[in-house]
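J.: Dropping a structure here in structure tokens format, bear with me for questions.
The values are calculated or read from the model by the stated rules, or taken from the named source; none is laboratory data. Worth saying up front: this structure is predicted, and the values here are computed from it rather than measured. Ideal geometry is used to build each Cβ from the backbone, glycine not excepted, and the neighbour counts take in all protein chains shown.
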């Protein structure tokens, strides 16, 4: 049976090079299917039907997750989804300039976000609202970015959650540099029993970013320097309007082999699997074993952003099929079947999520506009005479429109 694995690494022999250079039609089809179907290598601890799957490798990394812990993971995902839906609605009402939905990716973000230790560092792209929530960032502090009133107001050092990066893939280089710094400063590979203070970094990007040069440069540098960096790719199947198979003939996690470090594919709709795999990867990095690539195989249930219309490029039956793999529903079913939660718990979580959304909405509707001079803040770390002159010129220009009451 032909497979993408055989295509990537053909058997040694006289015709090996020709086989690799000219894959058969069967091999091409197998490779394309492997980019859009879970495949045999998919790591899964909780099925879409809510059934627990044993894993000798990864079970030890979720041994501490009892019913109470699973209820908290469920609560996280419900609240984050509710906040996401509220922000999406507020954009439609003109309260936000744009919104980047995370609908369907809650398990990938909460599972990986909760896997981090306090001193680990996260570098997001622009969709990781759930990771920010898991790191203790107030969801309200995310809204200013999308209202175009600030660049993010959370304490980056306190939460160990870097500012959002809009340029596709650029955060991978930033994360790689930070992780190299952790290695150079001796924060990797220490004996935990002797009071070792190990750290790691995790960097988030989408499947579309894997076509960007910055991502591959990050792979190279992290591999060469054994940087403690987890590359966390949320493969939601669509790089805006382009499907994954238009970008790669092989599953994305297999690209790690070309750079010399491990790659794995986890069910991105399985919060338990994402938690376990990310814990394993971060632990591997902290021990000084170099980088790891995780491909969280998930699906973007909404538009790329609120400026996008996904009905123009994908079929509704694809969306319906992925609804059956909903990350929240499978945890709910598991808890219900195993007596881990009752109807009162689920009702309480729904009410808490509604209250969270109401507070978010009230904050957004009453968010003050920043003063015009705000645009000149934080341009440089030190005062700049050029920026100061531009600031004074701009404010003087605005004063020319002042009304009798002194307002601009």
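J.: In the same structural domain as residue 308 (by TED's automatic domain parsing), under 20 Å from residue 297 (Cα atoms) and part of a helix (DSSP H, G or I): which single residue out of 218, 130, 144 fits that description? Please lay out each step first, then the result.
T.: Values: 218 fails: under 20 Å from residue 297 (Cα atoms); 144 fails: under 20 Å from residue 297 (Cα atoms).
Just one listed residue meets the conditions, 130.
J.: Any chance you could count how many residues in segment 239-265 are assigned to a helix (DSSP H, G or I) and crowded, with 19+ Cβ neighbours inside 10 Å? Show your work before the answer.
T.: Filtering segment 239-265 down to residues assigned to a helix (DSSP H, G or I) leaves 244-246, 252-259.
Still in the list and also crowded, with 19+ Cβ neighbours inside 10 Å: 244, 252-256, 259.
Looking only at that region, the number is 7.
J.: Counting only residues that are at pLDDT below 95, surrounded by 14 or more Cβ atoms within 10 Å (Cβ to Cβ) and out of contact with any helix residue (DSSP H, G or I) (no Cβ under 9 Å at 6 or more places or on another chain), give me the helices (runs of 4 or more DSSP H) lying completely in segment 300-385 with at least 1 of them. Give the derivation first.
T.: On the way: elements: 316-323, 327-337, 343-365.
So the answer is 316-323.
J.: If I ask for residues that are in contact with a helix residue (DSSP H, G or I) (Cβ under 6 Å, 6 or more places away or on another chain) and assigned to a helix (DSSP H, G or I), which ones from segment 169-215 would you list?
T.: Matches in segment 169-215: 170, 172, 173, 176, 207, 209, 210, 214, 215.
J.: All but one of (1) closer than 21 Å to residue 273 by Cα; (2) in a loop (DSSP other than H, G, I, E, B); (3) in contact with a strand residue (DSSP E or B) (Cβ under 9 Å, 6 or more places away or on another chain) hold for residue 294; which doesn't?
T.: In the conditions (1) closer than 21 Å to residue 273 by Cα; (2) in a loop (DSSP other than H, G, I, E, B); (3) in contact with a strand residue (DSSP E or B) (Cβ under 9 Å, 6 or more places away or on another chain), residue 294 misses (2) alone.
J.: Is it the case that segment 213-231 has a residue that's closer than 20 Å to residue 42 by Cβ, in contact (Cβ under 8 Å) with a residue 60 or more places away in the chain and crowded, with 23+ Cβ neighbours inside 10 Å? So that I can check it myself, show each step before the final result.
T.: In the first step, residues of segment 213-231 are kept if they are closer than 20 Å to residue 42 by Cβ; the result is 230-231.
Right, trim to in contact (Cβ under 8 Å) with a residue 60 or more places away in the chain and you get 230-231.
Going one step further and asking which of them are crowded, with 23+ Cβ neighbours inside 10 Å, we end up with 230-231.
Yes, because at least one residue in segment 213-231 is closer than 20 Å to residue 42 by Cβ, in contact (Cβ under 8 Å) with a residue 60 or more places away in the chain and crowded, with 23+ Cβ neighbours inside 10 Å.
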